[in-house]
Amino acid sequence: MPTPTASPYGRNRSLSPGARNRPSLPALARAHPDLGTPDGPYGEAMLLWGAVLGRPAPPATDRDNRLDPAFVEWLMGLPPGWVDGLPRRARLRVLGNGVVPRQATTALGLLLTRARTRPTPNRPDHPDHEHPPPRTITPTTDGSEHHMSTGRPRLLTQNSRMRAQGHWNWTLPAWAGRLPDGRTYNTCPSAGVCAQLCYARAGMYRVPAVLAAHERNLAFVLDDPGGFETAMTRELALPRFVDAHVRVHDAGDFFDRRYLSMWLRIMRATPDTHFYAYTKEIELFNELVVPNPPPNFDWVFSKGGIHDEMITKNTPHADVFPDEQALHEAGYTPLNGSDLVAVSGVVRVGLEASRIPHLRKIQGRESFGSLQRAAQDRAHRRRARTQTAMRETPGGGPRPGRRPDDA
Ligand code: SF4
């Protein structure tokens, strides 16, 4: 994008090659008031940037069809209102003379990495090294933090809905995939039909930059579990997380015993923060969490997984319905916009399915729970048919000395 300028030049005045043939940012905004929307000339990039920032673009122009400084703030990844209090021209001038915090952070991270890879006494493998390099979280100008030892951005994020509620989120990629280094993963080992209907395997979650960020989270957990636990615990020690709610996963699940145990330790180490989660890892939870849960953790089992049969009629659980009418008809309580209803102990909580058309088509008028039940019934019938066929096939029956159910 062109550099923002206070004067309404028609052409880009940058010294970069070919700049004179490109419009300036004020001219671009005037010609395309939909500049920040998915329908504008940079629609895909704007969508992506909005996902990275967790908030959509404000209008590109003001009432007089002039470039709006609020749009420039968004474009640069600055917090809304960063240059409020100045006249419009001055706001644009300081923005144009400012830096994009994420670019500056990346540059600093690269320089630090380069400095660390030089053979100096600060390197742990240098013979004169005495102390481990510090692990710190350093605030940046956009209000986010970067872990200076890893160059990683903060671990907990917010979209606009969560920001309005004061909630934060930690997430992984949904279900199965392959990391850039070739390793395969499955973050939802107990997923059943939900994997075919999963909102987190479609739409914004498949935007390459978004998926890459989630896969980086997973790689951090897998490659450096101790570092992840330390970084997460330190981040949660920031004042903004006192009394805040953190949703553990809006995609992915507690995929194994070690990862779940790590989260339980993090929760116990940060008692001033409330945690909540939807999960299909019912077996693991019954073993590791239910007998002695951290007091600041609420969870709800959700239907559509291979352990649905373990959800009794009195177990608080959530199910996903095609619409609000369907969930009322089934006797479920709607969320009414707050995840906290789901973890409040209400026995039957109903969620509305995502609005992604092809997923809605697959789901039809069923809930995740009823589809999972039907899938399990089909599987039982298939197994029964196979066993019958084996018994009736000469030489295919059970071996002498074994009862048919010993398999
Ligand atoms: S468990 Fe959740 S994130 Fe995983 S596949 Fe099912 S719906 Fe998607």
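The values are calculated or read from the model by the stated rules, or taken from the named source; none is laboratory data. None of these values were measured; they are calculated from a predicted model. Here the Cβ positions follow ideal geometry from the backbone for every residue, glycine too, while neighbour counts run over all protein chains shown.
Summary table below
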{"item": "Matching helices (runs of 4 or more DSSP H) fully within region 52-141 where at least 3 residues are modelled with pLDDT under 85 and either touching a strand residue (DSSP E or B) at 6+ places or on another chain (Cβ under 9 Å) or of a type in the set (Asp, Glu) (or both)", "result": "101-117"}
{"item": "Region 38-60: number of residues that are farther than 17 Å from Met76 by Cβ and touching a helix residue (DSSP H, G or I) at 6+ places or on another chain (Cβ under 7 Å)", "result": "2"}
{"item": "Criterion violated by Phe275 - all others in (1) more than 16 Å from the ligand (Cβ to nearest atom); (2) in a helix (DSSP H, G or I) satisfied", "result": "(2)"}
{"item": "Residue pairs meeting the criteria (Cβ under 8 Å; at least 6 apart or on separate chains; first among the basic types (Lys, Arg), in region 351-375; second modelled with pLDDT under 95 and within 13 Å of the ligand (Cβ to nearest atom))", "result": "Arg360/Ser354"}
{"item": "Cβ pairs under 6 Å, 6+ apart, first in region 257-270 and within 15 Å of Ile282 (Cα to Cα), second in a helix (DSSP H, G or I)", "result": "Leu260/Leu284; Leu260/Leu288"}
{"item": "Options Pro394, Pro404: the member that is modelled with pLDDT under 95 and surrounded by 10 or more Cβ atoms within 10 Å (Cβ to Cβ)", "result": "Pro404"}
{"item": "The listed residue being within 16 Å of the ligand (Cβ to nearest atom), within 14 Å of the chain's Cα centre (by Cα) and without any contact (Cβ under 8 Å) to a residue 40 or more places away in the chain, out of Leu218, Leu211", "result": "Leu211"}
{"item": "Residue identified as within 15 Å of the ligand (Cβ to nearest atom), over 11 Å from the mean Cα position of the chain (by Cα) and on the phi < 0 side of the Ramachandran plot among Asp253, Asp223", "result": "Asp253"}
{"item": "In region 166-197, the residues that are closer than 29 Å to Ala57 by Cβ and out of contact with any helix residue (DSSP H, G or I) (no Cβ under 8 Å at 6 or more places or on another chain)", "result": "Gly166"}
{"item": "When residues of region 144-176 are limited to those that are at pLDDT 85 or above and on the phi > 0 side of the Ramachandran plot, the one surrounded by the most Cβ atoms within 10 Å (Cβ to Cβ)", "result": "Trp175"}
{"item": "Filter result for Pro189 (within 18 Å of His249 (Cβ to Cβ) and in a loop (DSSP other than H, G, I, E, B))", "result": "yes"}
{"item": "Hits in region 315-345 - residues which are closer than 21 Å to Met162 by Cβ and either free of Cβ contacts under 8 Å to residues at least 12 places away in the same chain or in a loop (DSSP other than H, G, I, E, B) (or both)", "result": "Leu335, Asn336, Gly337, Ser338, Val341, Val343, Ser344"}
{"item": "Scan of region 288-312 for residues that are more than 16 Å from the ligand (Cβ to nearest atom) and either closer than 26 Å to Ile362 by Cα or in contact with a Ser or Thr (Cβ under 7 Å, 6 or more places away or on another chain) (or both), ordered by number", "result": "Leu288, Asn296, Glu309"}
{"item": "Count of region 234-251 residues which are assigned to a loop (DSSP other than H, G, I, E, B) and either surrounded by fewer than 17 Cβ atoms within 10 Å (Cβ to Cβ) or free of Cβ contacts under 8 Å to residues at least 12 places away in the same chain (or both)", "result": "4"}
{"item": "Boolean, Phe275 is modelled with pLDDT of 95 or more and in contact with a Pro (Cβ under 8 Å, 6 or more places away or on another chain)", "result": "yes"}
{"item": "Residue within region 174-189 that is more than 8 Å from the ligand (Cβ to nearest atom), under 26 Å from Thr106 (Cα atoms) and either aromatic (Phe, Trp, Tyr) or not assigned by TED's automatic domain parsing to the domain that holds Phe241 (or both) present", "result": "no"}
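Residues checked against (1) within 24 Å of Val193 (Cα to Cα); (2) not polar (S, T, N, Q):
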{"position": "Ile266", "(1), (2)": "no, yes"}
{"position": "Pro271", "(1), (2)": "no, yes"}
{"position": "Lys280", "(1), (2)": "yes, yes"}
{"position": "Phe301", "(1), (2)": "yes, yes"}
{"position": "Thr315", "(1), (2)": "yes, no"}
{"position": "Asp319", "(1), (2)": "yes, yes"}
{"position": "Ala330", "(1), (2)": "yes, yes"}
